[in-house]
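Working notes, structure below.
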């Protein structure tokens, strides 16, 4: 077995019990390595590579295996195993952290101290940075999958005034059972929410989901957090809402094509907090995907069909 992704935790022992395991978390010379690798835990696979390999199992360290040519894998008889929810807790915790960073102006206050700005325009910090408390705020989730539900769970524990969600895929009754108010119209959620938090997957249907109509309805002075994919919000309406104050502040953990140019408007906005796609970057996330993949391979070898298998038709 060959892993081109980092592995950790109890799942490593399970993988070693299944066979020889080499962990080499880089993608260089993938076709050369694959010739003798039966199982692969990896970040990127193409049809060309799959056709030249002797793979039997392909573990994907993400919930949606959109970096794998699944039809090509299926054609080759390769079992594809995904890792749903592996980073839900990690992303949820960063999301909550970013919410409080915005609500309490933590980055701006830190900058002032480092620059010696104790009084600005006759106002001390306690006057400049009067924040908001979660107990008085309504939070609107755009997407209520594993991450959205994990965020909602934490918000309820923090005493948020209300947690709402727009997600046409999830059964409204399931949301209600989880203590989440379903809102069937996205623009209505935008109009009510003090904090808008994005957790939908990026697909052809969700690209630009938050557009001019939605941002036109946004509650004045609200906060925007996106720890999902940047493209879910249309860029120009988003920037306009930040510039004119409809959005008091925003935080982003992802950008188009992964990188944000220093010349991008967001980079110079004082009411924006930026992090470099670190939502899932925890030791526990690695342990989770390791165990899910190891258990998936183990179950298949035992004649079972685990829910983590993307293409059960090959079994």
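Rule-based calculations on the coordinates, nothing more; no lab input. In this text, all values refer to a predicted model and were calculated from it rather than measured experimentally. Don't worry about glycine lacking a Cβ; one is built from the backbone with ideal geometry, like all the others, and counts go over all protein chains shown.
Rounded to the nearest 500, what is the 222 nm mean residue ellipticity of the chain from helices alone, with -39500 (n - 2.57) per DSSP H run of 4+ residues and division by all residues?
Numbers: 13 runs with 112 residues, N = 315.
Using -39500 (n - 2.57) per qualifying helix, the result is -10000 deg cm²/dmol.
If R0 is taken as 41 Å, the Cβ-Cβ distance between residue 54 and residue 269 corresponds to a FRET efficiency of 0.20. For the options 188, 111, 24, a Gaussian network treatment of the chain with springs between C-alpha atoms closer than 10 Å singles out 111 as fluctuating the most. The value of relative contact order for the chain, using C-alpha pairs under 8 Å at least six residues apart, is 20 percent. Set against the 2.2 N^0.38 Å expectation for a compact globular protein, the chain has a Cα radius of gyration ratio of 1.13. Label sites at residue 236 and residue 176, each approximated as a point 7 angstrom past Cα along Cα to Cβ, lie 4.1 nm apart.
Helix 283-301 and the longest principal axis of the C-alpha atoms of the chain enclose an angle of approximately 30°. Sorting 1, 134 by the number of Cβ atoms found within 10 Å of their own Cβ, with the fewest placed first, yields 134, 1.
Please work out how much length the chain gains when fully extended from residue 315 to residue 301, using 0.36 nm per residue of separation minus the C-alpha to C-alpha distance, in nm with one decimal. Display every interim value, and only then the final one.
On the way: separation 14, 0.36 × 14 = 5.04 nm, distance 1.01 nm.
That works out to 4.0 nm of additional length.
Here the residues 289, 199, ranked from fewest to most Cβ neighbours within 10 Å of their Cβ, fall in the order 199, 289. Rounded to the nearest 10 degrees, what's the angle between the helix 88-103 long axis and the longest principal axis of the chain, both from Cα atoms, 0 to 90? Result, in degrees: 10.
Sort 284, 214 by Cβ crowding within 10 Å, fewest neighbours at the top. Don't skip to the answer; put the middle values down first.
Details: 284 15, 214 25.
Least to most surrounded, the residues fall as 284, 214.
The residue 216 and residue 24 beta-carbon pair, evaluated with R₀ = 45 Å, returns a calculated FRET efficiency of approximately 0.35.
Does region 226-315 come out rounded, prolate or oblate by the C-alpha gyration tensor, with a ≥ b ≥ c the root eigenvalues, rounded set by a/c under 1.5 and, if not, prolate when a/b is larger than b/c and oblate if not? Prolate shape, in that a/c is at least 1.5 and a/b is the bigger ratio. How many angstrom separate the Cα center of region 191-244 from the Cα center of region 55-84? Value for the Cα centre distance between the two parts: 32 Å. Taking a ≥ b ≥ c as the square roots of the eigenvalues of the Cα gyration tensor, region 88-274 is classed as prolate, since a/c reaches at least 1.5 and a/b is larger than b/c.
In the chain, what percentage of the DSSP-assigned beta bridges are antiparallel, given to the nearest 5? Present the calculation step by step, with values, prior to reporting the outcome.
Working: 3 of 39 bridges.
For the chain, the DSSP antiparallel bridge percentage is about 10.
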